[in-house]
1. Tell me, which strands (runs of 3 or more DSSP E) lie completely within the stretch 1-84 with 1 or more residues that are under 19 Å from the mean Cα position of the chain (by Cα) and at pLDDT 95 or above?
2. Hey, among the residues in the stretch 141-172 that are among the hydroxyl-bearing types (Ser, Thr, Tyr) and part of a strand (DSSP E or B), which one's nearest to the chain's Cα centre (by Cα)?
3. Quick one: what pairs do we get from the stretch 97-113, first residue in contact (Cβ under 8 Å) with a residue 60 or more places away in the chain and of a type outside the set (Lys, Arg), second open to solvent by 80 Å² or more (accessible area, probe 1.4 Å) and part of a strand (DSSP E or B), C-beta under 9 Å, 6+ apart or different chains?
4. For the stretch 138-157, indicate whether the set of residues that are of a type in the set (Phe, Trp, Tyr), at pLDDT 95 or above and over 19 Å from residue 75 (Cα atoms) is non-empty.
5. Considering the stretch 153-173 alone, what residues qualify as being free of Cβ contacts under 8 Å to residues at least 40 places away in the same chain and either closer than 20 Å to residue 139 by Cβ or surrounded by 16 or more Cβ atoms within 10 Å (Cβ to Cβ) (or both)?
6. Collect the residues in the stretch 86-118 that are over 23 Å from residue 141 (Cα atoms) and either aromatic (Phe, Trp, Tyr) or in a strand (DSSP E or B) (or both), keeping them in residue-number order.
7. Out of 176, 142, I need the residue that is surrounded by 16 or more Cβ atoms within 10 Å (Cβ to Cβ) and either out of contact with any helix residue (DSSP H, G or I) (no Cβ under 6 Å at 6 or more places or on another chain) or under 26 Å from residue 50 (Cβ atoms) (or both). Which one?
8. Anything in the stretch 92-110 that is open to solvent by 30 Å² or more (accessible area, probe 1.4 Å) and either modelled with pLDDT of 95 or more or touching a strand residue (DSSP E or B) at 6+ places or on another chain (Cβ under 6 Å) (or both)? List them, or say none.
Amino acid sequence: MSPFASPIDFSRARHYYEGSLFQIYLFKKELKMMATYTFEEKDSFIVLGIGTELKSDYTDYAGMNKEKEDFWRAVEQDGRLDTLKAVAANDYIFAVNEAVNQKMMYYAGVMTEASVPEEHRVIQFPKGPYLVVRGEGKSADELSGMLTGIAFGQALPATDQYAYVGGPNATVEMGERDGSVYGEMWVPVVEK
């Protein structure tokens, strides 16, 4: 059995522990993608999101990914994403997963103090420790899938210091460079 539980086939991994910072460098040889993760403190922050309910079972990765891709295509085509970008405090685009009233919700969002006329949700992220996975991919979808796989398939199972106990988590698209999309995944955690 592979030591990697994520859906991505990694060709090489190197682990090291340095003080209270645990990092892992992961490489996907044929795509030349790289990701690292750390645990760090973050202040609380708010994301304004426009969302959809995911109907697929949480173990149906293909079904959930299709729903997410369809949602992104819709908010890009109908202008809702542009509406969010117009009130954003920075250039970051958030893809937020959150359980709300026994439903799995998924949002396109931005950091802002403003509001939008469309139906929206103000998503509060708590102050505290976060798993932060940094990486880059050929597209936003590829980046999101890679960061999610590393966060939940590698980093969280590998740590004995932190645990994810729920709450919103987000993939943050931060920009483009050299033909790649780069960003981070932010997952709130608690000390074990």
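1. Result: 33-42, 45-54.
2. 171
3. So the pair list comes out as 98/121; 107/121; 109/121.
4. No, there is no match, as no residue in the stretch 138-157 is of a type in the set (Phe, Trp, Tyr), at pLDDT 95 or above and over 19 Å from residue 75 (Cα atoms).
5. Answer for the stretch 153-173, where residues must be free of Cβ contacts under 8 Å to residues at least 40 places away in the same chain and either closer than 20 Å to residue 139 by Cβ or surrounded by 16 or more Cβ atoms within 10 Å (Cβ to Cβ) (or both): 156, 164.
6. Residue satisfying the conditions is 100 alone.
7. Answer to the selection: 142.
8. Once the filter is applied, which keeps residues that are open to solvent by 30 Å² or more (accessible area, probe 1.4 Å) and either modelled with pLDDT of 95 or more or touching a strand residue (DSSP E or B) at 6+ places or on another chain (Cβ under 6 Å) (or both), the stretch 92-110 yields 92, 103, 104, 105.
The values are calculated or read from the model by the stated rules, or taken from the named source; none is laboratory data. Just so we're clear, the structure is a prediction, and the values are computed from it rather than from any experiment. Quick reminder, even Gly has a Cβ in these numbers, built from the backbone with ideal geometry, and neighbours come from all protein chains shown. With ligands, DNA and RNA removed, areas are computed over all heavy atoms of the protein, side chains included. Shrake-Rupley method; radii C 1.70, N 1.55, O 1.52, S 1.80 Å.
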